[in-house]
1. Restricting to the range A:4-13, and then to whatever is open to solvent by less than 10 Å² (accessible area, probe 1.4 Å) and part of a helix (DSSP H, G or I), can you tell me which residue is farthest from the other protein chains (Cβ to nearest Cβ)?
2. For the range A:126-136, does any single residue satisfy the condition of being within 21 Å of the chain's Cα centre (by Cα) and modelled with pLDDT of 95 or more?
3. Of all residues in the range A:32-49, which are crowded, with 16+ Cβ neighbours inside 10 Å and within 14 Å of chain B (Cβ to nearest Cβ)?
4. Given (1) among the small types (Gly, Ala, Ser); (2) within 13 Å of the chain's Cα centre (by Cα); (3) in the same structural domain as A:Thr158 (by TED's automatic domain parsing), where does A:Ala90 come up short, assuming only one miss?
5. Among (1) surrounded by 15 or more Cβ atoms within 10 Å (Cβ to Cβ); (2) more than 25 Å from the chain's Cα centre (by Cα), there is one condition B:Ser120 misses while meeting the rest; what is its number?
6. In the range A:113-128, what residues are over 17 Å from B:Asn50 (Cα atoms) and either open to solvent by less than 20 Å² (accessible area, probe 1.4 Å) or assigned to a loop (DSSP other than H, G, I, E, B) (or both)?
7. Confirm whether A:Ala96 is part of a helix (DSSP H, G or I) and open to solvent by less than 10 Å² (accessible area, probe 1.4 Å).
8. Report, ordered by the first and then the second residue, all pairs with beta carbons closer than 6 Å, sequence separation of six or more or different chains, a first member in the range B:159-179 that is closer than 15 Å to B:Lys133 by Cα and among the aliphatic types (A, V, I, L, M), and a second member that is at pLDDT below 95 and open to solvent by 10 Å² or more (accessible area, probe 1.4 Å).
Amino acid sequence: MSLLSEIEECGEVIGKDTIDSFLACMQCGKCTGSCPSGRVTSYRTRRVINRLQAGDRSVLADPNLWMCTTCYTCYERCPREVRITDIIRAVRNLAAKEGYMSKSHRATASYVIKTGHAVPINDETKKLRKELGLSEVPPTTHKFPKALESIRKIIKKTNFDKLVGFDWDTMSLEERGEK
Amino acid sequence: MGYDEFRREGGKMKEYAYFLGCITPNRYPGIEASTIKVLKRFGIETRDLNGASCCPAPGVFGSFDLNTWLLIAARNVTLADMIGLDIYVTCNGCYGSLQEADHLLKERPELKEWVNEILSDEGLEYKGRIKVKHIIEVLYEDIGVDKIKDAVVSPINAKIGAHYGCHFLKPSLVRGHGSPEKPTILDELIEATCAESIDYKDKLMCCGAGGGLRSRDLNTSLEFTRQKIANMKDAGIEASVDTCAFCHLQMDRGQIEIKEKFGEEYNLPILFITQLIGLSFGFSTKELGLDKHSIPMTEKFIR
């Protein structure tokens, strides 16, 4: 399977045309010039697209792939209408599948599996909520255990738990070396 | 302007489901309290969206697995669809996820079919009858700058740096609010409180939190924030006003982290737009949760 078709498969929900738009890139570099991350890191948007065009799989292992904040500035400015930010998301999906997912990202994902929230409530905020006249616990999965069950069902259906390496017996992340 | 006057002018009472997300209710509930209070001034009621979850963050969960991202986002939209209420959000991340999911489901029938097959387990069905709105749209379109101006009783006399964040306006193709290169919507809302919205270097730059960068590489993420805040200080700005709970956390708590990591101290107060408007409507700093921010409010923002 070619790199292109694997990325297309990962990005199915955002559409094949969106993914394929990188084939039109003429390497002008307007993306890199617009990139706030490129100012402070060695992430070079143009280079990522260049490597995708060349079918270069090493792009999946490059930590720079994760330096994009998905600000969409490059996407807005691209003269060839390459949907760069969405492509980055799909390429990251493939990288995650191949095990290139940082421990901190796996932890963020595990909070949603455990609580339904990527940033769960704490005691300090509960107290502040009461002071502000709000319910102590928000009317979310925090308050409705059945809703949390629905989230977990979805996660099992898409195998997101396996992707993240979540152990349901210990309700925590499996030990996994970081690639 | 009070509710009665609003009704006399023929305003219809509007009700929204408030999609809270994570940061607003679990870290900055002052944003939640302020938003509900400000909307109530104009007769706009807020209803709980029971059983909602993380949106889930578009640049984070969208980067891990787009299928899971779409299903959970679609479930959140569907909770409001089931009770027939439009949604408003107070976080650009939530807006990014819910608005994009809604857009995709409206454009692509095969996705709608797939989502509904899975959501039917919970007795839910996405029909696409509602709209996902950002609080900025509710303030600007449902209420309007003039009505906000008329309701100001305690004018804000300060120089403000507007921070739009990224996902409220971009991708413009999906959001549909026009060009993201020179927006004025937030500046107009800020100036409705009598404050002055000041231009500054790289005004539209990202705060640095998104796309999973904050959790993966905090130092890099904070370097974006440091640049933005230093640019605002250089322009003589006295506080920054934002549209997004996640940017809000990054710029408020982030200043403490910047101090710890880089040894630089800025002390720039950070307010969410409904906190600024709330102050101008005469609500107290405490009622709006502003006294619990990491960066204390300066005199001009204490009521």
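The values are calculated or read from the model by the stated rules, or taken from the named source; none is laboratory data. Just so you know, these numbers come straight off a predicted model, no measurement behind them. Cβ placement follows ideal geometry from the backbone for every residue including glycine, while neighbour counts extend to all protein chains displayed. Only protein heavy atoms, including side chains, enter the accessible area calculation; ligands, DNA and RNA are left aside. Shrake-Rupley method; radii C 1.70, N 1.55, O 1.52, S 1.80 Å.
1. Taking the range A:4-13 as the starting set, the residues that turn out to be open to solvent by less than 10 Å² (accessible area, probe 1.4 Å) are A:7, A:11, A:13.
If we keep only those that are part of a helix (DSSP H, G or I) as well, we get A:7, A:13.
Working: A:Ile7: 11, A:Val13: 5 Å.
Going through the qualifying residues, I end up with A:Ile7.
2. Restricting attention to the range A:126-136, the residues satisfying the condition of being within 21 Å of the chain's Cα centre (by Cα) are none.
No, because not a single residue in the range A:126-136 is within 21 Å of the chain's Cα centre (by Cα) and modelled with pLDDT of 95 or more.
3. So in the range A:32-49, the residues crowded, with 16+ Cβ neighbours inside 10 Å come out as A:32, A:34-38, A:40-41, A:43-49.
Within the range A:32-49, A:Ser34, A:Cys35, A:Pro36, A:Ser37, A:Gly38, A:Val40, A:Thr41, A:Tyr43, A:Thr45, A:Val48 qualify.
4. Of the numbered conditions (1) among the small types (Gly, Ala, Ser); (2) within 13 Å of the chain's Cα centre (by Cα); (3) in the same structural domain as A:Thr158 (by TED's automatic domain parsing), the odd one out for A:Ala90 is (3).
5. It fails just one condition, (1).
6. Keep residues of the range A:113-128 that are over 17 Å from B:Asn50 (Cα atoms), which gives A:113-114, A:118-119, A:122-128.
The answer is A:Ile113, A:Ala118, A:Val119, A:Asn122, A:Thr125.
7. On the way: part of a helix (DSSP H, G or I): yes; open to solvent by less than 10 Å² (accessible area, probe 1.4 Å): yes.
Taking the combined requirement at face value, the residue satisfies it.
8. Listed by first residue and then by second, the contacts come to B:Leu169/B:His177.
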